[in-house]
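This is the structure I want to talk about, given as structure tokens.
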Amino acid sequence: MQIHVGYEIGYTIAQYTPMVLTLNVHHSRVSDLVQPDWMRFEPSVSSQGYRDGFGNWCTRIVAPPGTIVISSSATVNDRGAPEPVVEGATEIPVHQLPAETLVFLLGSRYCETDRLSEVAWRLFGTTPPGWARVQAICDFVHEHIRFSYEHADPTMSAWGVYNSRRGVCRDFAHLGVALCRCMNIPARYCTGYLGDIGVPSDPAPMDFSGWFEAYLGGAWHTFDPRHNARRVGRVLIAFGRDAADVAISTTFGRHVLERFHVWTYEVAA
């Protein structure tokens with residue numbers, strides 16, 4: 001199947017302002033792009049691309065005073081099947097983990113393992129290790145948090161959402177990541193596109209989605225405590241320790257978000 005993805009984001013800028021944008025489809029899906037997801041700017045500005053410390057594609061610009069619109073549109077080939085369940089995926093002892101996974105065991109800005117460790121071991125210490133444990137964490141987070149866009153808070157952390165019991169998709173993911181790390185399971189925060197493919201249409205406006213990946217059985221596996229279901233058509237943009245590493249835009253100056261439109265839908269055969 002093919003999926004059409006894209007966005008149109010507008011900012012009003014007070015003065016010449018540097019920006020870092022993390023909006024391109026992840027390099028692991030580049031071979032699936034029917035055409036490149038070129039980033040367009042109105043008015044036109046020069047841009048420079050680079051890879052961050054996690055390998056994500058990033059773009060640097062200096063936005064001029066006034067309104068700037070950043071947009072892109074692409075078609076992505078997809079296997080068209082739900083994400084697999086790998087019930088036999090096992091936990092790997094910390095001393096045997098690949099070195100590159102160890103950073104995803106540590107506490108981070110939005111995932112306070114020190115505050116949640118006692119909670120995690122109390123809730124999941126007797127859960128069968130491996131896939132079943134991570135799924136139990138997703139089940140708990142899915143049932144513990146009430147989803148609502150009105151509760152979106154860019155300063156909310158995993159500890160905060162555990163106590164407030166309300167949030168948006170990034171909050172679900174942060175709590176799942178933190179609880180996995182507390183149980184010595186590497187987990188990384190992911191952001192990308194997730195449309196209503198194979199599920200009832202959500203009346204809320206389309207947004208980028210947040211989920212996480214856990215390292216089990218020598219591979220990274222997708223988990224989504226917000227929806228708590230294996231989905232079709234997820235398209236990764238970036239991953240990091242938490243949302244602070246994969247912000248769609250980081251703006252080094254005064255700005256106002258004026259327009260935000262994201263789309264993800266299956267292309268008709």
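The values are calculated or read from the model by the stated rules, or taken from the named source; none is laboratory data. Just so it is clear, the model here is predicted, and its values are computed rather than measured. Cβ: placed from backbone, ideal geometry, glycine included. Neighbour counts: every protein chain shown.
Just give me the residues in region 120-160 being loosely packed, with under 14 Cβ neighbours inside 10 Å and in contact with a Pro (Cβ under 9 Å, 6 or more places away or on another chain), in sequence order.
Residues satisfying the conditions are ASP139, TYR149.
Have a look at ALA74, ALA89 and point out the one that is under 30 Å from VAL199 (Cα atoms), touching a Gly at 6+ places or on another chain (Cβ under 6 Å) and of a type in the set (A, V, I, L, M).
It is ALA89.
Determine whether ALA238 is touching a residue at least 40 places away in the same chain (Cβ under 8 Å), surrounded by fewer than 21 Cβ atoms within 10 Å (Cβ to Cβ) and assigned by TED's automatic domain parsing to the domain that holds PRO98.
Considered against the rule, which asks whether it is touching a residue at least 40 places away in the same chain (Cβ under 8 Å), surrounded by fewer than 21 Cβ atoms within 10 Å (Cβ to Cβ) and assigned by TED's automatic domain parsing to the domain that holds PRO98, ALA238 comes out as no.
Next up: VAL262: under 24 Å from ARG146 (Cα atoms) and assigned by TED's automatic domain parsing to the domain that holds GLY10, yes or no?
When the stated conditions are applied, VAL262 passes them.
Output the number of residues of region 142-176 satisfying the condition of being farther than 19 Å from ASP202 by Cβ, over 15 Å from the mean Cα position of the chain (by Cα), in a helix (DSSP H, G or I) and touching a residue at least 12 places away in the same chain (Cβ under 8 Å).
Number satisfying all stated conditions: 5.
Condition (residue is farther than 21 Å from THR222 by Cα and in contact with a Phe, Trp or Tyr (Cβ under 6 Å, 6 or more places away or on another chain)) applied to region 82-94: is it met by at least one residue?
No, there is no match, as no residue in region 82-94 is farther than 21 Å from THR222 by Cα and in contact with a Phe, Trp or Tyr (Cβ under 6 Å, 6 or more places away or on another chain).
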